[in-house]
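A short write-up of the structure that comes next.
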Amino acid sequence: MVPRKRLPAVAAGALVLGGLLALGGAGAATADSGQNLKPGSTVCTGRIQSATGVTVRGSVTRNTASAMWIVRVSDTATGPATELFRTATGPVTFQLASTEVVPPVPGNFYFQACITQLGPLATNYTLSINPRPAS
Amino acid sequence: MFTHRKRLAAAAGALTLGAVLGLTGATPATAGDGRNISPGSTVCTDLVRSDRGIYIYGYATVATTASPIWSVRTSATAGGPETEILRLPTQEPISTNLSWSGTLFYRVCVVQATTVTARGVKIRVNVPPIGNPVYGVGPHTATLGAGGSFCGEFGVAQARATGTSTVPVRWTAPVQNGDGEHLRTIDLGTSTAVNRVLSLGADEIASVCVQNTATSTATLSFDLVAAG
C-alpha cells in the first residue's frame, strides 16, 4: 500500500513512466524522477523485460540524502519479484553511476528498480532502468 | 575516503576475524588488499561458494571523481566458465549485496578503469550464514601495473604458497596473530614463480603478497593451501 505522503511523487513518476511506456512499449526503458522524496519513502520504476540484464542509474540531491538502490527480478510481468541487487549511496556520493546487473543464469526476466530515501532531508531524485546492451 | 569510523570498523572486523580463525581455523571471508593499483590494472579475489549470494564492501580510493569498477563474476563450478553479473562503478561499495538462490561460485574484481592510480584497494566478500559458504577456493589473480601490490589468501599451520607471474615480482608472506597484529614477514624472493611450504606457529595466520617490482605489467595468480 502506498502511504499518502508518497502519492504525489508516485503520481508524478507514473506520468513520466506512462509517457515512456507509451513511446517505447512494454520492455523498453523506464525512468522516474521527482521532488521532495521524504526520508523513508520508496519509489520504483515499472518492470522491463530483458534477456541481457539491466543498466540502472540515478541520483539524489547532493549532500542532503543517502539512498538505497535495489533491483528486483521476476519471471513474469506481474509475478512475485525477488531482490537481485542492492547498494547504498551516502550523502557525499549522491549518484548511482551506470550500473550493470545481470542474473547469474540465462533467461528472459522482468526487472524493476527502486530507490529508498535514507537521509534526514527530503530530496529530488532520478532513477532509470534500461535493458543492458548485449555484449 | 577511509574515515575514522571505518578504521574502527576495520579494526573490529580484524578482531572478529581473529576470533573466528581461532575457533575454526577456517577462512571467514574472502579478502584482497592492494596498493598503488595503476590504470589498466585488475585485482580479483579467489572464489567463494554460496547458496544465497554475497555481500561486498571495501574501497578503491582514487583522487578523482571517476570510479573503479567493482565486477562480480559467477560460475557454476570452480574454474568453470564465468558470467559477469555486476559492474558497479564506485570508490566505496556500501551495503552492497547480490542475492540469488542457488549454488554458485563468486569472485569480486576491482577493475581500475580510471586515469589515476588507486592508492588503496580493499575488497571484502561475505556470505550470509544460510548461504552455506565455502571460502578460499582457487587463487587470487591480478593484472598488476608496475609498482602495484596485492595481498590475499589465508593459511595456518603448514601452508603451501604458490604463485606465477609473467614478469619477475617480489613475493612475501606477512604473518599475523589471531588479533590481527603483524608478527613477521616471510620473504619468498623475486621471481616469476613461487612454491614454498610455510611453517606457521600456533595462532599464526599467513597471507601472500605480491609487489610488481618490474617495469612492465604483470599477469599473475597466487594461492595458499594446506600442505598435505
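General observations
- For chain B, the 222 nm mean residue ellipticity estimated from helices alone, with every DSSP H stretch of n ≥ 4 adding -39500 (n - 2.57) and the total spread over all residues, rounds to -3000 deg cm²/dmol.
- In order along the stretch B:142-156, the Karplus-derived 3J(HN,Hα) couplings, from 6.51 cos²θ - 1.76 cosθ + 1.60 at θ = phi - 60°, round to 7, 10, 10, x, 4, x, x, 9, 8, 10, x, 6, 9, x, 10 Hz, and Gly and Pro are given as x.
- In Hz, Karplus ³J(HN,Hα) per residue of the stretch B:104-120 (6.51, -1.76, 1.60; θ = phi - 60°; x = Gly, Pro): 9, 9, 10, 9, 10, 10, 10, 9, 7, 8, 8, 9, 10, 6, 7, 5, x
- Its convex hull of Cα atoms gives the stretch B:79-150 a direction-averaged projected area, equal to a quarter of the hull surface, of 6.1 nm².
- When the stretch B:4-226 is described by a simple charge dipole with +1 on each Lys and Arg Cβ and -1 on each Asp and Glu Cβ, the residue from B:134, B:30, B:86 located farthest towards its positive end is B:86.
- Scaled radius of gyration (Cα, divided by 2.2 N^0.38 Å) that the stretch B:44-120 gives: 1.14
- Per residue of B:81-91, other chain Cβ atoms within 10 Å of the residue Cβ number 6 on average.
- Residue among B:65, B:114, B:192 with the largest mean-square fluctuation in a Gaussian network model of chain B, springs linking Cα atoms under 10 Å: B:65
- Note on chain B: GNM, Cα springs under 10 Å; of B:134, B:108, B:210, the largest mean-square fluctuation is that of B:134.
- Measuring gaps between exposed loop sites in chain B (GluC sites (Glu not before Pro); DSSP loop; at most 16 other Cβ atoms within 10 Å), the longest gap, sites not included, is B:83-180.
- Rounded to the nearest Hz, the phi-derived 3J(HN,Hα) couplings of the stretch A:37-53 under the Karplus curve 6.51 cos²θ - 1.76 cosθ + 1.60 (θ = phi - 60°) are 6, 6, x, x, 7, 10, 10, 9, 6, x, 8, 10, 9, 7, 9, 10, x, where x marks glycine and proline.
- Cα-based shape type of the stretch B:4-226, given that a ≥ b ≥ c are square roots of the gyration tensor eigenvalues and the cut on a/c is 1.5: rounded
- Test item: B:98-108 mean partner chain Cβ contacts at 10 Å: 3
- Shielding value for A:93-102 is 5, the average number of Cβ atoms from other chains within 10 Å of each residue's Cβ.
Bear in mind that the values in this text are calculations on the coordinates, not laboratory data. Predicted, not measured: the structure shown is a model, and the values here were computed from it. Note: ideal-geometry Cβ built from the backbone for every residue, glycine included; neighbour counts use all protein chains shown.
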